[in-house]
Amino acid sequence: MQWPLQIIYFSLFTSLYTSLAQQLPRESMEWRRSYGRAPKMIHLEANFVQFKEELLPKDGNRALLTFPFLHIYWTDCCDTEMYKASVKDDMLRWQSTLRLHGSVDWLIVVVESEAKKKNKTNILPRTSIVDKIRNDFCNKQSDRCVVLSDPLKESSRSQDSWSAFLTKLRTLLLMSFTKNLGRFEDDMRTLREKRTEPGWSFCDYFMVQEELAFVFEMLQQFEDALVQYDELDALFTQYVLNFGAGDGANWLGSFCTPVKRWSGLLLRRPIDMEKRELIQRGEASLLDLRSYLFSRQCTLLIFLQRPWEVTQRALELLHNCVQELRLLEVYVVQGALDCWVFLSCLEVLHRIEGCCDRAQLEANCSHTVGLWTYATEKLKSLGYLCGLVAEKVPTSEDLNRTVDLLAGLGEERPETVNSLQSPYKKLNEALSSVEAFEKHYLELSHAAMEMYRAIGRMRSARLIGKSLAEFYMKKGDPERAEGFLDDSLRSYVAEGWSLQVTHTRKQMAECQKLLQQTEDYLQTSALLAGDANLTVEERKHFCQEILTFASQPPAPSGEHTNTLMAAFAQLRQMQFSPPGAVVHVGAALQLELRVRCLMPVAMQVEQLAATLHFSLEQGGARGRAGSAQRRAGHGPQGQGDGVVLFPQGSPLAGAGMGASLLPALELYEMQDRSPSDSSLTSTGVVCKNMHLLLRRHDSSASLDTPTAGALPAAVAVDDGAQMLRARDITLQPGDNSILFTAPTGEPGSYTLRQLCGSVGRVQFVQSHIYPVVQYEVYSQEPQLTIEPLSDNLLAGIPQKVTFTIATGHYSVKKGDALQLSNTDSMPILHSSCCSATVLSKRMGESALSIQSSEKVTSISLPPTPPYHTLEFQLEVLCHIPPTPFKPDIERLTNGEVRHRPKNHSHADSGMINIDQKVSIDCPWSIYSTLIALTFYVPFKARHSILSAGKRKYIQVCLQNVSDTNFHLADPVLTERQPTVSMELLSLNVKTQQPVCSQQSVFCLWEMRWAKPLPLCLHCAFSASFAPVSFQLDRVSVSIRKTQKTLFFFFFPLKAEISPPSGDQHCRTGALCGLEVSITRQAEPSETEGEEEESTEIEGLRTTKLMYEVVDNSSNWAVCGKSSGVVSMPVAASATHRVQMEVMPLFAGHLPFPNIKVFKYLPHNAVPAIQPDTDSCLENDTISLLDKGLDDQGDTASIRSRGSVHSVGSGEQQRGLPMPRLEPFSPGQVFYWSQGRQVLVLPVTDDHVMEVNVT
Amino acid sequence: MAVCIAVIAKENYPLYIRSVPVQNELKFHYTVHTSLDVVEEKISAVGKAMADQRELYLGLLYPTEDYKVYPSHMIIVYYTPVCMFFILIENILLYRHTRYGYVTNSKVKFVIVADSSNTSLRDNEIRSMFRKLHNSFTDVMCNPFYNPGDTIQSKAFDSMVSAMMVQAS
């Protein structure tokens, strides 16, 4: 419907009207508006009406729709006479009429036509009609008169004038419109401001403002039109709210009349004239007003292409209307509002469907689904109201109510009479019968559910599903209800909403009871009986349900009905005793289980059993060495003391809470030791379950696949052969403690798998126990270990060792004995007070008898039961082997030590250790046990020979390398082969000497001899020692330290420097004589003879010696031969003298040059000893021989040269024999002249010293 | 003022829920639970686009005939104060009811259910209620003895909620 602006014309040219009406709206005009509103481009449309006096608006009537905005006077008069005669009067009359009605918007159009002009040629052009008219009427408003020339002709002139006319017409029209609209709006505002006055009526105001809306709509300004309605809406709402607050307006009374018609919205007509008239008459009810208002808003919104806003507003409107009716306390027949809402919802949906295609609709489900749901709800409540939901037929009361409700709908609107799916028909049908209601209700519900699913609002969809389930339950159709309930229950459990879970579970229980799903019902009942959200009575009821079932006679097959334990009771903790949870075969192991019973009453449980999984673990025999701690503190919350705590979730929240709870941190201490010396390189704390903790947690728990079902699949009871059992227990509500005795018959590891409690026919099963609870049973072989009491065993002193026998599975009977085979080096010392200790829970001591024979020491053991530890101590002593330990001495003593390669230096202290093997025959084994004990030699001895002139001393240095402090007494040095001529005179103190750890003691003997000295002496050193902590006199066992000493005593070497002949003193630069005399003091012994290379020259045995004079400090220059070989006759006191010449280079007391003597071994001599040292000696020889050639020659080159020689064949070596040099061992050569100095005078006065004194 | 106030965890289980007419508790629970649908929808629709704005209010999103449900979704970073940002959900429609939104980073949601008949409740009041709730909740989070994810059992929080509810009557 259109309301063009009214233009009233006077004496119209009918031929122009149509084209004018068409062409006027073609071009848009800029419309500047008051109050700072943005200018808009609008198209003006006009309705041309013939002038009538009564059409002119009366004073004060501002009806915009019928308001004449412009008056046009048309004339084609071109004759002055005629103008003066009739037209002018006519115009004057018209003008006065207009002025009378206050219209100032007028226009005079003079139509000129060529044809007429031609006929009237006498017209003066200067005084045209137009000028006259302008002169007469338009003083100062010359634009109010327009000339239109020949509008029906197609000439350019007529075109121009036509368009100019149109522009003028539009401008004037718009001007007038703006002016009048502004005035109208002002009036409207004035009217609105009067709303507090008593006589004010909303309906009147409504009509006024709506007129404005109409005008905007006409101008296609839908937005502005909508604003008018929204303002009206808001105003009305505010009044209703004020009314609610106690500030009632009189006019609202008409809206408070009881609602008689609830025919729903009507959105098919642009304007619902019926309702409009009702409003106009002030007879509209609240619903009428709201309906009309909304239908207008809806129309405008659809013009604005905003259909989805319609749906949103519709929902708000419906909610709001219900609230407003409540607020205004309007009487409404029960159910009438439901009808109204239902019809309205469907009407809005139909309207939207009418203006959108299917794809659009599907894409915008989220907007419409609210209406669908609302309609469903309302239909449901209607159904309950009219008795259409119950199983039975509606009563007459219900029918009456239905009839009343239908009556309020009135007649069906003519627009929808022919449509099959009209809301009216639907409601009528749905209320007509139970079946039809069900059909419609299901249709709506499913539609709403599908839409919710499509847009991902699963919770809403499930809520509808749940109400469907309730519906089915009312209809007595539990099969169909079950699925929906299950679905909802799962989602609530998954998200952890406890109240919903309880509520839905109750419905579920009802449903399952009807369906006779015994197991599920029992499960649900158990869950409900333990549900804290229920009252105690309800819980007791469900508990009673279980007990009733349980007390029924068992099923013929004898099978139990299995139910989840979790609903019935919760595991809190398990505790092993002994806490290690590792026991030997047959030992007692107890398991204390703490269970929280969730039932409201005490439950009599006939049997509580835990099945065990047995696995024959390899490490079973490994015993307590390995895994004791590992087992006990295994679970994430396990503690070291054998307690396994079970993670606690809220009993109801189930997986929802479970998912939110992070797994506990599993922290382990980590220590990293370096492989070489096991020192700590790093330490830290390691989180073992990092992968669980750092995993990304889904921020939106997926609802589509609830993982934790409300009722997990069937619970299987597995029949383990081994079980933990407890019979006839009464579980009180709350925490209970149950004690199990664990079977420990066979070695292996036992894992708790299932927990199963039986109450009559019902079994509560916990299908798996997590964290894993395990215990281990082991069987152990008897073991014997021998360990020193202190850190190290020291050789030479009696020490105690501990014998430990872990009996394992063997029981020591009376008469069992250990047979120790004796060794000489380590006797077992008898001690009077020997007793064995049997370690078990209580200590027991029993005597130990030791019998010793020559070969075997037999220790008879006290009887000991299996898996006990027997301990006793024995004193042992390890003799220090009478052997020197220094490797260089070893060489000289010619491999005597070789058979003790096990002696090696202790890594840290340099102690030498001795591994002593003990062979023991145990009663439980036919084989001997070999046990090695390591003893450390606490001392190290070195000796040296000191010479002072002709006196000789032997010094023995005894170093204590152990950590113990000792007393040392009676150091004795004896000759192996005592000779009369030798006497060793002790220079030592007689008392005991303390030797602290790591300290040394020196002992000294002077040698006195009568005869010429032997070349070699074999001596033995012995001393008594005892640890400081002992009283020395107690230590009767003084341990000898035997040592072979060997020395040559050989060549005293004298050097004498004589000044040149005729001089008293040596002088620098003058040659002096150096006389070296070498004397053999004793004959070499036999052994020495082998070593000493003597050559028979003409029957005289000689030894070749090489001497060399070296002066390192460049004091002397050796002139001539500095070295040479001398042959010493092998006879005592054979003396050889060598004369050389040396020249002192400096004046002063100069030390004698060094003289070195070597043994000179000729080439043909076959080395008698130590082939391993040969090469090195040979090299030395070479280096000596080549000394003149390359003094600085590096050893590598020499070595290579030497190796060339050695690589050569034996023949070649024989062909090119090399003499060898060998140094004397210390003490063999005594340098008489060592440390002597000779005075050297400077050369006389060859130089003048000049002293200048200034 | 409010008839039911709920704090809902990221995983959508209730951290705290309290309603004034106790007999209707279940209904409120259902209402609050179902409103999560709308909250999630809003968050996913708006989430990224408005990442750095400061308003968390989601507005009246789930009106029913009897109650107005004002869900809100808040950002609280428990452990790291690094990415504290807020999301504004614009005012969706300015008509009769303004719809509001309140969103948080930790995806903890607040839902306030108000009685529809209580028409004097203004947008700003709802906002300030949410702000109060948010502050109080932050205090709870800051309690070193509170384990994030546990249900809230704080007297201070309780009394604050009670205060907001008492204003209604």
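Laid out as a table, the results:
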quantity: Among the candidates A:Val104, A:Val87, A:Val130, A:Val109, residue that is open to solvent by 40 Å² or more (accessible area, probe 1.4 Å) and either of a type in the set (Val, Ile, Thr) or at pLDDT below 75 (or both); calculated: A:Val104
quantity: Positions within region A:706-741 being hydroxyl-bearing (Ser, Thr, Tyr) and modelled with pLDDT of 65 or more, in sequence order; calculated: A:Thr730, A:Ser737, A:Thr741
quantity: Filtered residues of region B:7-31 (kept if open to solvent by less than 10 Å² (accessible area, probe 1.4 Å) and more than 13 Å from A:Gly496 (Cβ to Cβ)); calculated: B:Val7, B:Phe28
quantity: Residue match in region A:561-584 (condition: surrounded by fewer than 15 Cβ atoms within 10 Å (Cβ to Cβ), more than 18 Å from A:Gly734 (Cα to Cα) and not polar (S, T, N, Q)); calculated: no
quantity: Selection status of A:Leu235, crowded, with 22+ Cβ neighbours inside 10 Å, within 14 Å of another protein chain (Cβ to nearest Cβ), in contact with a helix residue (DSSP H, G or I) (Cβ under 8 Å, 6 or more places away or on another chain) and over 27 Å from A:Leu427 (Cα atoms); calculated: no
quantity: Qualifying positions in region A:302-356 - under 26 Å from A:Ser254 (Cα atoms), within 14 Å of chain B (Cβ to nearest Cβ), outside any helix (DSSP H, G or I) and not aliphatic (A, V, I, L, M); calculated: A:Glu329
quantity: Whichever residue in region A:417-453 is within 14 Å of chain B (Cβ to nearest Cβ) and of a type in the set (A, V, I, L, M, F, W, C) and, among such residues, is most open to solvent (accessible area, probe 1.4 Å); calculated: A:Met451
quantity: Residues within region A:238-252 that are in a loop (DSSP other than H, G, I, E, B) and either open to solvent by 50 Å² or more (accessible area, probe 1.4 Å) or within 12 Å of A:Phe202 (Cβ to Cβ) (or both), tallied; calculated: 4
quantity: First in region A:229-249 and at pLDDT 85 or above, second anywhere and open to solvent by 40 Å² or more (accessible area, probe 1.4 Å) and of a type in the set (Phe, Trp, Tyr), Cβ under 6 Å, 6 or more apart; calculated: none
quantity: Selected residue (only one of A:Val208, A:Val215 is of a type in the set (Val, Ile, Thr), over 28 Å from A:Trp74 (Cα atoms) and either surrounded by 15 or more Cβ atoms within 10 Å (Cβ to Cβ) or within 60 Å of the chain's Cα centre (by Cα) (or both)); calculated: A:Val208
quantity: Options A:Glu776, A:Glu781: the member that is crowded, with 18+ Cβ neighbours inside 10 Å, under 47 Å from the mean Cα position of the chain (by Cα) and either on the phi < 0 side of the Ramachandran plot or not charged (D, E, K, R) (or both); calculated: A:Glu776
quantity: Of all residues in region A:988-1022 being in contact with an Asp or Glu (Cβ under 6 Å, 6 or more places away or on another chain) and at pLDDT 75 or above, the one that is most open to solvent (accessible area, probe 1.4 Å); calculated: A:Arg1008
quantity: Index of the failed condition, A:Val434 passing every other in (1) without any contact (Cβ under 8 Å) to a residue 12 or more places away in the chain; (2) in contact with a Pro (Cβ under 8 Å, 6 or more places away or on another chain); calculated: (1)
quantity: Residue match in region A:456-471 (condition: touching a Cys at 6+ places or on another chain (Cβ under 9 Å) and modelled with pLDDT under 90); calculated: no
quantity: Residue satisfying all of: in region A:454-485; surrounded by fewer than 19 Cβ atoms within 10 Å (Cβ to Cβ), away from every other protein chain (no Cβ under 14 Å) and not basic (Lys, Arg); farthest from the chain's Cα centre (by Cα) among these; calculated: A:Gly476
quantity: Criterion (open to solvent by less than 10 Å² (accessible area, probe 1.4 Å) and either of a type outside the set (S, T, N, Q) or under 57 Å from the mean Cα position of the chain (by Cα) (or both)) met by exactly one of A:Leu315, A:Leu337, A:Leu361, A:Leu349; calculated: A:Leu349
quantity: Candidate set from region A:8-45 (those that are at pLDDT 75 or above, assigned to a strand (DSSP E or B) and crowded, with 17+ Cβ neighbours inside 10 Å); member that is farthest from the chain's Cα centre (by Cα); calculated: A:Met29
quantity: Pairs where the first residue, in region B:143-163, is free of Cβ contacts under 8 Å to residues at least 12 places away in the same chain and away from every other protein chain (no Cβ under 13 Å) and the second is hydrophobic (A, V, I, L, M, F, W, C) and surrounded by 14 or more Cβ atoms within 10 Å (Cβ to Cβ), C-beta under 6 Å, 6+ apart; calculated: B:Tyr146/B:Val140
quantity: Meets criteria (modelled with pLDDT under 75 and surrounded by 12 or more Cβ atoms within 10 Å (Cβ to Cβ)) for A:Pro884; calculated: yes
quantity: Filtered residues of region A:733-747 (kept if surrounded by fewer than 19 Cβ atoms within 10 Å (Cβ to Cβ) and touching a Phe, Trp or Tyr at 6+ places or on another chain (Cβ under 9 Å)); calculated: A:Pro743, A:Glu746
quantity: Region A:486-529: number of residues that are over 22 Å from A:Lys540 (Cβ atoms) and either buried (at least 22 other Cβ atoms within 10 Å of the Cβ) or of a type in the set (Ser, Thr, Tyr) (or both); calculated: 11
quantity: Test result for A:Thr299, open to solvent by 10 Å² or more (accessible area, probe 1.4 Å) and within 14 Å of another protein chain (Cβ to nearest Cβ); calculated: no
quantity: Filtered residues of region A:405-434 (kept if over 21 Å from A:Ile464 (Cβ atoms) and in a helix (DSSP H, G or I)); calculated: A:Leu405, A:Leu406, A:Ala407, A:Gly408, A:Leu409, A:Pro414, A:Glu415, A:Thr416, A:Tyr424, A:Lys425, A:Asn428, A:Glu429
quantity: Candidates A:Thr518, A:Thr548, A:Thr502, filtered to the one that is among the β-branched types (Val, Ile, Thr) and either within 14 Å of another protein chain (Cβ to nearest Cβ) or touching a His at 6+ places or on another chain (Cβ under 9 Å) (or both); calculated: A:Thr502
quantity: Selection status of A:Ser291, under 22 Å from A:Glu377 (Cβ atoms), open to solvent by 10 Å² or more (accessible area, probe 1.4 Å), away from chain B (no Cβ under 14 Å) and hydroxyl-bearing (Ser, Thr, Tyr); calculated: no
quantity: Residue match in region A:524-533 (condition: among the hydroxyl-bearing types (Ser, Thr, Tyr), within 44 Å of the chain's Cα centre (by Cα), under 28 Å from B:Leu15 (Cβ atoms) and more than 14 Å from chain B (Cβ to nearest Cβ)); calculated: yes
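Conditions (1) away from chain A (no Cβ under 11 Å); (2) modelled with pLDDT under 65, marked per residue:
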| position | (1), (2) |
| --- | --- |
| B:Val3 | yes, no |
| B:Tyr13 | no, no |
| B:Arg18 | yes, no |
| B:Phe28 | no, no |
| B:Asp52 | yes, yes |
| B:Leu58 | yes, no |
| B:Thr64 | no, no |
| B:Tyr70 | yes, no |
| B:Met74 | yes, yes |
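The values are calculated or read from the model by the stated rules, or taken from the named source; none is laboratory data. The model shown is predicted, which means the values in this text are computed figures rather than measured ones. Positions of Cβ are backbone-derived with ideal geometry, glycine not excepted, and every protein chain shown enters the neighbour counts. Only protein heavy atoms, including side chains, enter the accessible area calculation; ligands, DNA and RNA are left aside. Shrake-Rupley method; radii C 1.70, N 1.55, O 1.52, S 1.80 Å.
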